[in-house]
Structures are given as structure tokens and as C-alpha cells.
Amino acid sequence: MDGIHDLGGRQGFGKVDVDEKEEAFHSDWEARAYGIVRAMSKPSDWTLDKFRFTREQIEPVVYLSRPYYDQWLQSYAALMVGSGVASVEELATGKSDGGKAGLGAPRGPESVAAEKRAAAVQFDRPYDKPFRFDRGAAVRTKPFAHKGHTRLPSYIRGHEGRVIEVRGAFIFPDEAAQGIERAEPMYTVAFAAADIWPGEDLDHAVHLDLWESYLEPA
């Protein structure tokens, strides 16, 4: 999906401040928002990529002008309404009309913290089909764009690179955002920075992890 969220390589947004002080939260409400969504009882069809696709549909002006965790709240509100977990009226008033069948009670702080320490989500999957590319293969990213979620940045589309690592098979995010779990080979591909941004004196490479269907032989 091409939208304002895909900022990689775009001009006009100034330099990235690499010396900015690292802070988990800039205010108390951000920490509270993070805690609330982590404690939520979520429907089984909510995935990381579905959340990302929902967030990508925020209006450009809103996306650029509102804080990061405010975008989270907007996205989760949309997911709740879309899944029937809550109505617009319930969200507006802050009062529930009753629980939703099949969802458990929200978790407390202790259980959320314990779960986060004990488990990490794994996205790699078994794969018994041949991989199309080997290490060292010359590849080109496809120039396509579609209306759904994709992890292929717009600035790298149509560029040639070289496979430097075969990572294995991982859940394909474009389909995961639509509730389809399918594994696909992933490769680390190196691109010459000077080819991506012509006219710049750049003597280094950009490395991207890309799924197989984003690539074709160069």
C-alpha cells in the first residue's frame, strides 16, 4: 500500500536526528496507552500485519501531525469496531454494553509483564519447497504497488541488488494482513546506495530483508 507511512527515501522531511535522546515514552499517557493495548483480550484474527494495515489507512495529515501512540489508539479503536469487539458509542462514552462472546477478561499488569518476558512471537515457518534464489544471485525488486499491506518500500522498487543471505521462510505480511497465514522465503538483499539516490556521493550499501515474491532475476 502506497501512503504517507512509507517515508523511506522521501525528500522534504529533513535529516534523521541520530543523536536524539532515546525515550520509551514522552509522556505518561503514552505509557498508559501502551499498557492498555498490551492487556487487551484480542480476537484471533488480529495480527501484527492487520494492525499495520489499519494504521496505514490513517489520513496523511493526521498521520504526520499526531503522536505515535495516538495512532495506536486510533488503529485499535478501528480494529475493535471492525471486529465487533466494541461499538463507536462504547468507545465514545467509555462505557461497555457487555462482554463479547469468546473473549476473556483483560489481563493485569503482572501477567502482561510475565508473558512479555517469557515469550517472543516467532514468524518463521517450515518450508518444503525450493528457494528461488541462492546467495550471490542478482535480483531486481518488482515495481508493483497494490492497495493492501506490503513490506516492500517504495524507494527500492525497480532497483537491482544482490542476495547476500538466505534467511529461511517467514509469514508473508501482505497476506497476513488479510488473515491468511502463508510462509514464503526471505532474503537479505544489498543495494548500492548510489543507485538508489543518483547524484549523491554514497559509497555504501543498503541491506533489506525481502520476501521472494517481491523479487525477480536481474
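Only residues that are in a helix (DSSP H, G or I) and more than 17 Å from THR47 (Cα to Cα): list them for segment 78-104, please.
Taking segment 78-104 and keeping what is in a helix (DSSP H, G or I), we get 78-83, 88-93.
The answer is VAL88, GLU89, GLU90, LEU91, ALA92, THR93.
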Open item on the list: Just checking, does segment 161-175 include any residue being surrounded by fewer than 18 Cβ atoms within 10 Å (Cβ to Cβ), within 22 Å of the chain's Cα centre (by Cα), on the phi > 0 side of the Ramachandran plot and at pLDDT below 95?
Closed with: no
- [ ] Return the total of residues in segment 132-155 being part of a strand (DSSP E or B) and out of contact with any helix residue (DSSP H, G or I) (no Cβ under 8 Å at 6 or more places or on another chain).
- [x] 3
Open item on the list: Would you confirm, using the coordinates I've provided, whether ASP134 is surrounded by 11 or more Cβ atoms within 10 Å (Cβ to Cβ), in contact (Cβ under 8 Å) with a residue 12 or more places away in the chain and either over 22 Å from the mean Cα position of the chain (by Cα) or not assigned by TED's automatic domain parsing to the domain that holds MET80 (or both)?
Closed with: no
Task: Selection within segment 112-124 - under 16 Å from LYS42 (Cα atoms) and either of a type in the set (Phe, Trp, Tyr) or modelled with pLDDT of 75 or more (or both) - done: VAL121
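Being of a type in the set (A, V, I, L, M), without any contact (Cβ under 8 Å) to a residue 12 or more places away in the chain and not assigned by TED's automatic domain parsing to the domain that holds LEU79 is the requirement here; does ILE180 meet it?
Details: of a type in the set (A, V, I, L, M): yes; without any contact (Cβ under 8 Å) to a residue 12 or more places away in the chain: yes; not assigned by TED's automatic domain parsing to the domain that holds LEU79: yes.
So ILE180 fits the description; yes.
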Open item on the list: Within segment 1-38, take every residue that is among the small types (Gly, Ala, Ser) and within 20 Å of the chain's Cα centre (by Cα) and give me the one that is farthest from GLY102 (Cα to Cα).
Closed with: GLY9
TODO: Give just the number: which of (1) among the acidic types (Asp, Glu); (2) farther than 21 Å from PHE123 by Cβ; (3) without any contact (Cβ under 8 Å) to a residue 60 or more places away in the chain does GLU175 not satisfy?
DONE: (2)
TODO: Considering (1) of a type outside the set (D, E, K, R); (2) more than 25 Å from GLU181 (Cα to Cα); (3) under 24 Å from the mean Cα position of the chain (by Cα), say which one THR93 fails and leave the rest.
DONE: (3)
- [ ] Select from segment 198-213 the residues that are more than 24 Å from ASP124 (Cβ to Cβ) and exposed (fewer than 14 other Cβ atoms within 10 Å of the Cβ) and write down the one among them that is modelled with the lowest pLDDT.
- [x] GLU200
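The values are calculated or read from the model by the stated rules, or taken from the named source; none is laboratory data. Everything numeric in this text was worked out from a predicted model, so none of it was measured. Note that each Cβ is placed from the backbone with ideal geometry, even for glycine, and that neighbours are counted across all protein chains shown.
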